[in-house]
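The values are calculated or read from the model by the stated rules, or taken from the named source; none is laboratory data. Quick caveat, the model's predicted, so the values are computed rather than measured. For neighbour counting, all protein chains shown are included, and Cβ atoms are generated from backbone atoms with ideal geometry for every residue, glycine included.
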Amino acid sequence: MNFFNTHISEKSIQLASDTLKSTYVSAGQLADIFEKKLEEELGLANPVTLNSGTSALYLALAVAGVKPGDEVIVPAQTFIATGLSVLMHYAKPVFADIQYRTGNIDPDSIRHKITAKTRAIIPVHWGGYPCDLDEINEIARENNLAVIEDAAHALGGTYRGKPIGAISRFTAFSFQAIKHLTTVDGGAICCLNKDDCYQAKRRRWFDIDRDNSKPSILGEREYDADHVGYKLHMNDLSAAIGLGNLAEFPANLKQRREIAGRYLNELNDVSGIELLDYKNDRLCAYWLFTMLVEKREDFIRALQSKGVPASVVHLRIDKNSIFGGITPDLPNQERFNEKQVSIPVHNGLTDEDVNLVVNAVKEGW
Ligand SMILES: Cc1ncc(COP(=O)(O)O)c(C=O)c1O
């Protein structure tokens, strides 16, 4: 049994092959079609496709105007990419505490971390469970900050009836190999506001407006870059793979939710385990199924001996030297970090696999 899976549909293989044969493999029409489909089928707001989730965070920070010396509030319970994207702008990640029973950033802690230098907040939907977005966006409005959701784990999640990707000023997704929807590597930023979307589209490709810059008689596009542009666009080969997988995404998400539903029912009263909290006003995308477990290493060993992989996936990132080491005032982060562990939840699992996971956990460690 694998802890993660990489889902490549038959349609993805066909579309990828067609794309290669066409030789139109770089920035082209398929990336535009993929954006349209992400908007129409998943309800994402003005998605701009990119070459990774890290690029999505980086570009959102650029469009939000984050400058060297600014501060950006982030949780430490994430992958290192979240914090590095801030450092790439020579800005400072400031770590806020999380909620012990969700792993998500705590709005009260955000309030305490705001200074005159704060420019943005990056809430991370840990494992795909949506953060308290109304409270976070309210804090952002009161303090004139940009909210950039790191939704690398949360494609398909919803919050108070809206899809993740249509709520805050920016939302960053990852379509990397082991994500719910893969383009092999890739990502997108969604922008509530059309001007942010326009800027993101220009700046992902050298600050050139591809849609409105026609080649002159001399053979080069006519353009005038007035911001720093980058090369972060999604190529058409990746878009072809994403388009092929998109058709199967709803069924795959449903399967993840069914597996998670079984875990929630069956592991509810296992001694030594605290399940996370799941509120009725939001739906988790279950990229991970994380639990809080006593004697975690014994738990992982016991499961491994029965053929079931378990993993912390990511430990707190502030421990890295580049961020200056453990932030001292994050008590919930400290407890979560000691106990969190995830068990497999993906569409590559059979019913027998799920039974094996449930029984292995119930047998104890
Ligand atoms: C929370 C989080 N943010 C950002 C990223 C970066 O995404 P990518 O690998 O597509 O750059 C990841 C990758 O797994 C992630 O887990």
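Observations
- Of all residues making up region 173-214, the number that are basic (Lys, Arg), under 16 Å from Asp32 (Cα atoms) and either assigned to a loop (DSSP other than H, G, I, E, B) or not assigned by TED's automatic domain parsing to the domain that holds Ser55 (or both): 1
- Set Asn265, Asn245: member being polar (S, T, N, Q), at negative phi and under 25 Å from the mean Cα position of the chain (by Cα): Asn245
- Flag if Phe299 is among the aromatic types (Phe, Trp, Tyr), buried (at least 19 other Cβ atoms within 10 Å of the Cβ), outside the structural domain of Ala154 (by TED's automatic domain parsing) and over 21 Å from Asp353 (Cα atoms): no
- For first residues located in region 165-178 and at pLDDT below 95, partners that are within 8 Å of the ligand (Cβ to nearest atom) and lie 6+ apart or on another chain with Cβ distances below 9 Å do not occur.
- For Ser26: the one exception among (1) surrounded by 16 or more Cβ atoms within 10 Å (Cβ to Cβ); (2) in the same structural domain as Cys190 (by TED's automatic domain parsing): (1)
- Of all residues in region 251-286, those satisfying the criterion of being farther than 22 Å from Asn359 by Cα, assigned to a helix (DSSP H, G or I) and touching a residue at least 24 places away in the same chain (Cβ under 8 Å) are Ala251, Asn252, Leu253.
- Screening region 46-73 for residues that are more than 10 Å from the ligand (Cβ to nearest atom) and part of a strand (DSSP E or B) and picking the one that is farthest from Gly229 (Cα to Cα) gives Ile73.
- The set of residues in region 207-238 being touching an Asp or Glu at 6+ places or on another chain (Cβ under 8 Å) and surrounded by 14 or more Cβ atoms within 10 Å (Cβ to Cβ) consists of Asp207, Ser213, Tyr223, Gly229, Ser238.
- The residue pairs whose first member lies in region 77-94 and is touching a residue at least 40 places away in the same chain (Cβ under 8 Å) and more than 14 Å from Lys319 (Cβ to Cβ), whose second member is near the ligand (Cβ under 9 Å from one of its atoms) and among the hydroxyl-bearing types (Ser, Thr, Tyr), and whose beta carbons are closer than 6 Å, counting only pairs six or more residues apart or on different chains, are Ala81/Thr54.
- Evaluation of Lys162 against the conditions (1) under 30 Å from Lys11 (Cα atoms); (2) surrounded by 24 or more Cβ atoms within 10 Å (Cβ to Cβ) shows that the sole unmet condition is (2).
- Residue in region 116-139 that is of a type in the set (Phe, Trp, Tyr), within 16 Å of the ligand (Cβ to nearest atom) and closer than 22 Å to Pro331 by Cβ present: yes
- All positions within region 344-359 that are out of contact with any Gly (no Cβ under 8 Å at 6 or more places or on another chain) and outside any loop (DSSP other than H, G, I, E, B): Asp351, Glu352, Asp353, Val354, Asn355, Val357, Val358, Asn359
- Verdict on Lys319 being of a type in the set (Lys, Arg) and either in the same structural domain as Ala96 (by TED's automatic domain parsing) or closer than 30 Å to Met88 by Cβ (or both): yes
- Verdict on Leu218 being outside the structural domain of Ile148 (by TED's automatic domain parsing), free of Cβ contacts under 8 Å to residues at least 24 places away in the same chain and of a type in the set (A, V, I, L, M): no
- Taking every residue in region 312-334 that is of a type in the set (Gly, Ala, Ser) and pairing it with any residue that is part of a helix (DSSP H, G or I) and at pLDDT 95 or above, at least 6 positions away or on another chain, the pairs with Cβ-Cβ distances below 8 Å are Gly324/Asp318; Gly325/Asp318; Gly325/Lys319.
- Residue identified as in contact with a Phe, Trp or Tyr (Cβ under 6 Å, 6 or more places away or on another chain) and either within 15 Å of the ligand (Cβ to nearest atom) or closer than 18 Å to Ala62 by Cα (or both) among Asn104, Asn144: Asn104
- When Ile148, Ile139 are checked against the criterion of being of a type in the set (Val, Ile, Thr) and assigned to a helix (DSSP H, G or I), Ile139 stands alone in meeting it.
- Test: Thr158 is within 12 Å of the ligand (Cβ to nearest atom) and either in contact (Cβ under 8 Å) with a residue 24 or more places away in the chain or closer than 26 Å to Asp134 by Cβ (or both): no
- Subset of region 269-291 [surrounded by 13 or more Cβ atoms within 10 Å (Cβ to Cβ) and out of contact with any Gly (no Cβ under 9 Å at 6 or more places or on another chain)]: Ile273, Glu274, Leu275, Tyr278, Lys279, Met291
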